[in-house]
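So the structure is just underneath, and the comments pick up after that.
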Amino acid sequence: MLVVISPAKKLDWTERDVATTAPDFQGDAIKLAKTARDLSHGDLKKLMHLSDALATLNLDRFKAFQDVPEADVTRPAALAFAGDTYQGLEAATLDADEMAWAQDHLRILSGLYGVLRPLDLIQAYRLEMGSRLKTKNGKNLYDYWQGTLSNALDAQAVAVGSDVLVNCASQEYFGAVDLKSLKLRVVTPAFMEDKGQGPKIVSFYAKKARGAMARYMVQNRLTDPKSILEFDAGGYAYQPDLSTADKPVFVRPYPEAK
């Protein structure tokens, strides 16, 4: 099986001594960075709903984006992203064999890079998939990446002999995948917290759980979608009465209630 996750706004630029790879869509990232760097400070601020300081930071990043990046301005994607999902993934603690499996089976959807492998080198950036960045391909990044992401995922599934994709990405990012052309069965797990009045999705915990699910798949080399139902990290348990075959639901007691 393949598993996809979202990137993160927060970055960890710690140096890592690992073998790395180049993104498949580096050329597209260069084009998009050049488009973004031509925006005014105010336009970038409005485009991504940023503060003045964050708009300045990210405009500077786009202006400094290198076509052929030097080693000191890049980091491997799964180790560079540091948001909630990556707290669950804990990529830095995967051993070499686990990371090698992840390199073939885990993909990160990106507004700038399209599809990333864990060890693909990225430059520091922030560009959410939902951004209405106008390009020659259309009015937003969904138009830009239309078809490209599904084709890339289908091709990788063929390479590893899989026909199932476990979607642990947010709707913002997975919404860029053209499901009409995607040839894979999609399984989208949901993670809920129960405060006693019925289970509900709590964004922070759900994001972390999606990363933990990706880690679970990597560490156990899962190939059968039924095997993800045994996921129990963090106290979650599969709830068959709330689930369907393609939308398994996992629930745990709300952490503050413990």
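Computed from the coordinates by the stated procedures, all read-outs in this text should not be read as laboratory data. From a predicted model like this one, the values you see are computed outputs, not experimental measurements. Note that we place each Cβ from the backbone using ideal geometry, even for glycine, and neighbour counts take in every protein chain shown.
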Among A80, A176, A159, whose mean-square fluctuation peaks in a Gaussian network model of the chain (Cα, cutoff 10 Å)? A159
Using 31 Å as the Cα-Cα cut-off, could you pick out the over-long pairs in K10/K136; K34/K247; K10/K247; K139/K200? K34/K247; K139/K200
Would you order H49, H105, H41 from fewest to most other beta-carbon atoms within 10 Å of each residue's own beta-carbon? H49, H41, H105
Read phi for every residue in segment 51-65 and hand back ³J(HN,Hα) as whole Hz from Karplus 6.51 cos²θ - 1.76 cosθ + 1.60, θ = phi - 60°, with x for Gly and Pro. 6, 4, 5, 5, 5, 4, 4, 7, 5, 4, 4, 5, 5, 8, 4
Give me the percent of DSSP beta bridges within the chain that run antiparallel, rounded to the nearest 5. 45 percent
Test of understanding: in a Gaussian network model of the chain with alpha carbons linked when under 10 Å, which of T21, T223, T93 would top the mean-square fluctuation ranking? T93
Projected convex hull area of segment 109-195, Cα atoms, direction-averaged, in nm², equals 7.6 nm²
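Using only C-alpha positions, report the orientation-averaged shadow area of the convex hull of segment 195-246, nm², one decimal.
4.1 nm²
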So for F191, F204, fewest C-beta neighbours within 10 Å to most, what's the order? F204, F191
Would you mind ranking L54, L89, L222, L109 by Cβ crowding within 10 Å, fewest neighbours first? L54, L222, L109, L89
Computed over all unlike Cα pairs, the Kirkwood hydrodynamic radius of the chain in Å stands at 18.9 Å
Can you tell me what the convex hull of the Cα atoms of segment 174-213 projects to on average, as an area in nm²? 3.9 nm²
What value, in deg cm²/dmol to 500, does the helix sum -39500 (n - 2.57) over DSSP H runs of n ≥ 4 give at 222 nm once divided by the residues of the chain? -10500 deg cm²/dmol
Which of the aspartates and glutamates could a cross-linker bridge to K45, judged by Cα under 20 Å and excluding same-chain residues fewer than eight apart? D60, E128, E172
Which residue, T14, T135, T244, tops the fluctuation ranking in a GNM of the chain built on C-alpha contacts under 10 Å? T14
What number comes out for the charge environment of G27, summing +1 per Lys or Arg and -1 per Asp or Glu over other residues with Cβ under 13 Å away? -1
